[in-house]
Every structure is written in structure tokens, then in C-alpha cells.
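First comes the structure, then the notes that go with it.
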Amino acid sequence: MIIWFKDSKGKELQLTGGKGASLSRMACANLPIPEGFVVSTKDYLETLAASGVDKLVDRELAKLDIDNEESVQKVSADIRTAIESIEIPASIEADLISTYKELCPNDSPVAVRSSATAEDLPEASFAGQQDTYLGVVTAEEVIHRVKCCWASCFTDRAIVYRARNNITHEQVAAAVVIQKLVEADKAGVMFTMNPITNEQEVLVEACWGLGEALVSGEVTPDQYRVEKKSNIVLMASVLTKTHMIVCSEKEVKNQAVPANKIRERVLSDNELKKLNEVALNLEEFFGSSQDVEWAIKLGKVYLLQSRPVTTT
């Protein structure tokens, strides 16, 4: 059961997971979301059941000692290896290939992102605990990365996080988001309110190229604060940025930032005001403060992800 973002079924958390449901809601509201689709939790559950890997997961987690780091790592590795080696049922594989070809007839690059049913929620974000793959360019590689995303529901960090937040593994099913990759000139994250002071201001972090360099902690981004109501830029902290992640010729790679941009401000006041307006729209749309991933390509703002601000 593969679901396009603009299909109303995509809004169902239990089918598309936290990330997928959020993107579907935004796409159905015609917000600027790169086109894509979700491999639903039904496909994940059907594949695990058909292969018998669901029983292996039950056995491995039943014997887990959550306070024993070595035990957690071994169980995680065994489950992930089993899922990554799984054979996807032919009907699901055929649907996945045909849908990817419809989205990207010329094998243009996509982002493949995990979207579990227990992530990106107000009470628990799971931020950064499951996998994302950028610049995936063939149907065969998409299939492989879908299995990797399924397996990433069982990283040692995710297993421990669920246990400590009283979430059983039976409560979690994995969907996978497949989305056209924005070959961004600049990208970053923003909070639609200051999560530290609760001030009515938008916090923005920005880097050159794809935002993955910032999200993964590989670069220290520029930082900005914008007053929400007046749309006035309150602060711009411009830092040295020596490298960036780019997508070039269907390949995602690290490269040096051009010398003239190393100490240059990433975002202009006009771009920050545009992001502030987007932040206000997202808060009104979702009815809560949001943690947003965004990208800018040729002056256009794209929304890559939006989830409730959470402290866990």
C-alpha cells in the first residue's frame, strides 16, 4: 500500500508514520512540499510477517537487558541484519518500482527517510534516531534503502529510547518517505518559538548546500532570531563554514565552501522574513509550535519536514 503525499489516506499516522503524516497534511494544504510518496506501515508489517522476521524480532527483544549496553548492541545488530536481508514480496516490490518510476522517470535523486508511527509526536520526537538516505537514484537502490529504513527502527538508541518512554515495540510500525531531493543552495532548521525562553521569536539555523550537514552536526551553522509579529531580524550570528553537502550529477558529496562564502552570511533579511512568514503559517496550520527543516533553491522555500517542538 503505497500512498502519495496528496492522497488523503496519507494523513493517517498509523499508515504513514509521524513524518509521512505531517508531509501529507502539508501537501494536501498545498504548502511547498517536494513531491513524494510513502511506503506504508502495512507494507512493512506484511513483509516482516511473510518472511518470519517478525517472530525473530519478538524473540530477540524478549531476551533484551535494557541496562546492558553490549546486549542492546547485539540484539540491535541481529535484528537490523535480518531486516536488511529480507526479501520484499513481489507485489510490494513491483508497486514500489512503478511508483518511483512515476515520480522520477529519469532516475532523478530522492531522499529516503524513516517515518515510524511513534516518531515526530508532541510527547516523543525520536529526532535523529532513525535513518535518512539522500541522493538515491535507482529503483534497486530505493528498495535497498527502504529496508535500511525499516531496520533503523531497531538501532540501539531507538530501542533504548522506546523502553525508557514506555513504548513497546508492538506499538511501533515503520513507514518510509520517498521524496524528490531539493538540490538546495542553502538549507537549515527553524523553531517557530524560542524553546528555551518561550519568547515569541523564530530561531533559524542555516548552512550552504543541503541541510544534512547541519542536522548531522557536521557543520556549525549561522544562527538568526526574528521577532514573529514585527518580522524584524533581532540577531544574526555569522560563523565560519568551511564545507557543505551538495547533490551534483546525482551524487551527494561533501565539498569545500567557496572562499568568498566561508564567512558570508547565508540568509538575507528578506529570506529570514520569508521564513518567519512560513513559520507563522505552520503554527496556525498545525495549532502548535513547530520544529521545521527547510531548503531554498533559486529563491524558493521548500518545507522538508515539520514536527511539534518537544523536549524529549
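Listed here are the strands (runs of 3 or more DSSP E) enclosed by segment 152-238 that have at least 1 residues being in contact with a strand residue (DSSP E or B) (Cβ under 9 Å, 6 or more places away or on another chain), crowded, with 22+ Cβ neighbours inside 10 Å and free of Cβ contacts under 8 Å to residues at least 60 places away in the same chain: 201-208, 222-227. A single member of Val38, Val110, Val53 is more than 23 Å from the chain's Cα centre (by Cα), buried (at least 16 other Cβ atoms within 10 Å of the Cβ) and aliphatic (A, V, I, L, M), and it is Val53.
From the list Leu45, Leu64, the lone residue that is among the aliphatic types (A, V, I, L, M) and either buried (at least 22 other Cβ atoms within 10 Å of the Cβ) or not in a helix (DSSP H, G or I) (or both) is Leu64. Look at Val246 and say whether it is of a type outside the set (Asp, Glu) and free of Cβ contacts under 8 Å to residues at least 40 places away in the same chain. Here the answer is no, as Val246 does not meet what is asked. Would you check if Arg25 is assigned by TED's automatic domain parsing to the domain that holds Gly135, touching a Lys or Arg at 6+ places or on another chain (Cβ under 7 Å) and over 13 Å from Val146 (Cα atoms)? Yes: the conditions hold for Arg25. Enumerate the pairs (first residue in segment 88-112 and closer than 16 Å to Val182 by Cβ; second residue anywhere and assigned to a loop (DSSP other than H, G, I, E, B)) with beta-carbon separation below 6 Å, excluding pairs fewer than 6 apart on the same chain, so at least 6 apart or on different chains. Hits for this filter: Pro109/Val137; Pro109/Leu181; Pro109/Lys250; Val110/Leu181; Ala111/Leu181.
Answer yes or no as to whether Val142 is buried (at least 17 other Cβ atoms within 10 Å of the Cβ) and modelled with pLDDT of 95 or more. In short, yes.
Mind telling me which of the residues Glu12, Glu35, Glu70 ends up being of a type in the set (Asp, Glu), modelled with pLDDT of 95 or more and assigned by TED's automatic domain parsing to the domain that holds Ala175? Break it down into steps so the answer makes sense when it comes.
Numbers: Glu12 fails: modelled with pLDDT of 95 or more; Glu70 fails: modelled with pLDDT of 95 or more.
When all the criteria are applied, what remains is Glu35.
With respect to the stated conditions, Gly135 is of a type outside the set (A, V, I, L, M) and modelled with pLDDT of 90 or more.
Listed here are the residues, each with its yes/no results for (1) of a type in the set (Val, Ile, Thr); (2) under 22 Å from Pro32 (Cβ atoms); (3) at pLDDT 90 or above.
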residue: Glu218; (1), (2), (3): no, no, no
residue: Ser230; (1), (2), (3): no, no, yes
residue: Lys250; (1), (2), (3): no, no, no
residue: Glu271; (1), (2), (3): no, yes, yes
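Filter segment 283-298 for residues that are under 14 Å from Leu203 (Cα atoms) and among the aliphatic types (A, V, I, L, M) and give the result.
Val292
Yes/no per residue for (1) assigned by TED's automatic domain parsing to the domain that holds Gly18; (2) modelled with pLDDT of 95 or more; (3) surrounded by 14 or more Cβ atoms within 10 Å (Cβ to Cβ):
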position	(1), (2), (3)
Ile245	no, no, yes
Lys253	no, no, no
Leu267	no, yes, yes
Glu284	no, no, no
Trp294	no, yes, yes
Leu303	no, yes, yes
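Checked against (1) out of contact with any Ser or Thr (no Cβ under 6 Å at 6 or more places or on another chain); (2) surrounded by 15 or more Cβ atoms within 10 Å (Cβ to Cβ), Leu15 passes all but a single condition, namely (1).
The values are calculated or read from the model by the stated rules, or taken from the named source; none is laboratory data. For clarity, every value in this text was computed on a predicted model and none was experimentally measured. Neighbour counts are summed over all protein chains in view; Cβ atoms, including those assigned to glycine, are modelled from backbone coordinates with ideal geometry.
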